[in-house]
Amino acid sequence: RSGLNNNTVLGLFQSITGRVWIALDQGIASFIPNSNLSEFRFGFEDIGVVYTATNYRDNLYIGTNQGLYVFNEELSQFEFVSGTRGQVWNLKTLGNELYCFHDKGLFKINGSKASLVDAQTGYWSASEHIDSKGFSSFVLGGYNGVYIYRPNRKPIVEKVEGFTTPSRFVELLDDVIVVNHESLGVFLLDFDWNNLVIRSEKQIPALGTASSLFLLKEELYYKIWEGILNVYIGALRYYRELR
């Protein structure tokens with residue numbers, strides 16, 4: 001199941017790039033002998049559609065539309081992590097802990113065990129804010145807005161009042177929380193980190209389709225079907241950087 005389509009090999013050929021091609025009874029397969037990448041093939045009936053994956057403390061985890069799985073090296077197969085049945089959107093390390101962003105809420109993962117941290121809403125992802133004293137706060141993007149999680153100071157997740165837009169993509173630029181919504185655009189939330197309230201809110205209208213948001217080397221980018229644009233929050237606009 002994790003190799004060739006069938007066991008009858010009728011011919012072999014290695015191309016100039018090093019890729020090996022295999023002629024089979026049921027089609028053609030290929031692989032790169034010295035690749036740094038490995039592929040695990042399982043039927044959809046086993047683990048579902050994979051959305052995210054991460055390596056944490058020598059364990060390989062994958063999040064699918066059916067739940068969270070961890071790879072068992074002794075059995076050479078993925079095992080289901082109990083309590084996580086449903087859609088897993090993301091796996092991310094916050095501080096030194098691994099968290100699972102799930103349709104049912106936020107889970108903390110320890111080995112093959114999952115403990116529910118918060119079930120106020122479904123969560124997509126998070127970004128970290130470090131204050132002047134070195135304390136970390138995590139901004140969580142949820143189905144109905146943004147939430148603040150400060151595990152070292154207050155072990156509960158707090159809803160940011162006054163903002164209810166679904167927040168799948170959340171980034172931090174200085175002290176500003178930046179949220180992207182596919183059909184509404186990019187929101188800039190000037191946030192008071194002491195009182196956990198929004199001081200002001202600005203918006204850049206949506207542009208294009210299938211949008212997402214990401215931060216790379218302190219530069220904010222807006223990805224749409226038509227390409228990738230820079231986000232200039234000072235002028236509330238997108239632009240394409242020429243190089």
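The values are calculated or read from the model by the stated rules, or taken from the named source; none is laboratory data. Since we're looking at a predicted model, the values are computed, not measured. Heads up, the Cβs are rebuilt from the backbone with ideal geometry, glycines too, and the neighbour counts pull from every protein chain shown. The area values use the complete protein model at the heavy-atom level, side chains included, leaving out ligands, DNA and RNA. Shrake-Rupley method; radii C 1.70, N 1.55, O 1.52, S 1.80 Å.
Of all the residues that make up the stretch 41-72, how many are touching a Lys or Arg at 6+ places or on another chain (Cβ under 8 Å) and either at pLDDT 85 or above or farther than 26 Å from residue 86 by Cβ (or both)?
3
Which one of the conditions (1) in contact with a Pro (Cβ under 8 Å, 6 or more places away or on another chain); (2) farther than 30 Å from residue 129 by Cα; (3) among the acidic types (Asp, Glu) does residue 73 fail to meet, given that it meets all the rest?
If we test residue 73 against (1) in contact with a Pro (Cβ under 8 Å, 6 or more places away or on another chain); (2) farther than 30 Å from residue 129 by Cα; (3) among the acidic types (Asp, Glu), just (1) comes out false.
Would you mind telling me which numbered condition in (1) open to solvent by 20 Å² or more (accessible area, probe 1.4 Å); (2) touching a Gly at 6+ places or on another chain (Cβ under 9 Å); (3) assigned to a strand (DSSP E or B); (4) over 22 Å from residue 215 (Cβ atoms) residue 71 fails?
With respect to (1) open to solvent by 20 Å² or more (accessible area, probe 1.4 Å); (2) touching a Gly at 6+ places or on another chain (Cβ under 9 Å); (3) assigned to a strand (DSSP E or B); (4) over 22 Å from residue 215 (Cβ atoms), residue 71 is out only on (2).
Out of the residues in the stretch 207-233 that are in contact with a strand residue (DSSP E or B) (Cβ under 8 Å, 6 or more places away or on another chain) and over 19 Å from residue 125 (Cβ atoms), which is most open to solvent (accessible area, probe 1.4 Å)?
In this case the residue turns out to be 232.
Does residue 38 satisfy being at pLDDT below 90, in a strand (DSSP E or B) and either farther than 30 Å from residue 149 by Cα or over 25 Å from the mean Cα position of the chain (by Cα) (or both)?
When the stated conditions are applied, residue 38 does not pass them.
Here are 160, 170: which of them is open to solvent by less than 40 Å² (accessible area, probe 1.4 Å) and under 19 Å from the mean Cα position of the chain (by Cα)?
Only one candidate qualifies: 170.
Please specify each residue of the stretch 92-120 satisfying the condition of being surrounded by 15 or more Cβ atoms within 10 Å (Cβ to Cβ) and over 21 Å from residue 56 (Cα atoms).
The answer is 103, 104, 118, 120.
Mind listing just one residue for me: the one in the stretch 121-136 that is assigned to a loop (DSSP other than H, G, I, E, B) and under 24 Å from residue 213 (Cα atoms) and, of those, most open to solvent (accessible area, probe 1.4 Å)?
My answer is 131.
When the stretch 195-233 is examined, which residues are found to be in a strand (DSSP E or B), of a type outside the set (Lys, Arg) and over 21 Å from the mean Cα position of the chain (by Cα)?
197, 198, 200, 201, 203, 204, 232
Just one of the numbered conditions (1) more than 17 Å from the chain's Cα centre (by Cα); (2) surrounded by 13 or more Cβ atoms within 10 Å (Cβ to Cβ); (3) closer than 28 Å to residue 91 by Cβ is not true of residue 236; which one?
Among (1) more than 17 Å from the chain's Cα centre (by Cα); (2) surrounded by 13 or more Cβ atoms within 10 Å (Cβ to Cβ); (3) closer than 28 Å to residue 91 by Cβ, residue 236 violates only (3).
Scan the stretch 193-205 residue by residue and report those that are over 13 Å from residue 139 (Cβ atoms) and open to solvent by less than 40 Å² (accessible area, probe 1.4 Å).
The one that is over 13 Å from residue 139 (Cβ atoms) and open to solvent by less than 40 Å² (accessible area, probe 1.4 Å): 204.
If you scan the stretch 84-105, which residues turn out to be in contact with a Leu (Cβ under 7 Å, 6 or more places away or on another chain) and either in a strand (DSSP E or B) or closer than 23 Å to residue 174 by Cβ (or both)?
Answer for the stretch 84-105, where residues must be in contact with a Leu (Cβ under 7 Å, 6 or more places away or on another chain) and either in a strand (DSSP E or B) or closer than 23 Å to residue 174 by Cβ (or both): 88, 91, 98, 99, 100, 105.
Taking into account only those residues within the stretch 1-35 that are outside any strand (DSSP E or B) and surrounded by 11 or more Cβ atoms within 10 Å (Cβ to Cβ), which is modelled with the highest pLDDT?
19
Scan the stretch 107-124 for residues that are of a type in the set (S, T, N, Q) and under 17 Å from the mean Cα position of the chain (by Cα) and jot them down.
Hit for the stretch 107-124 is 121, nothing else.
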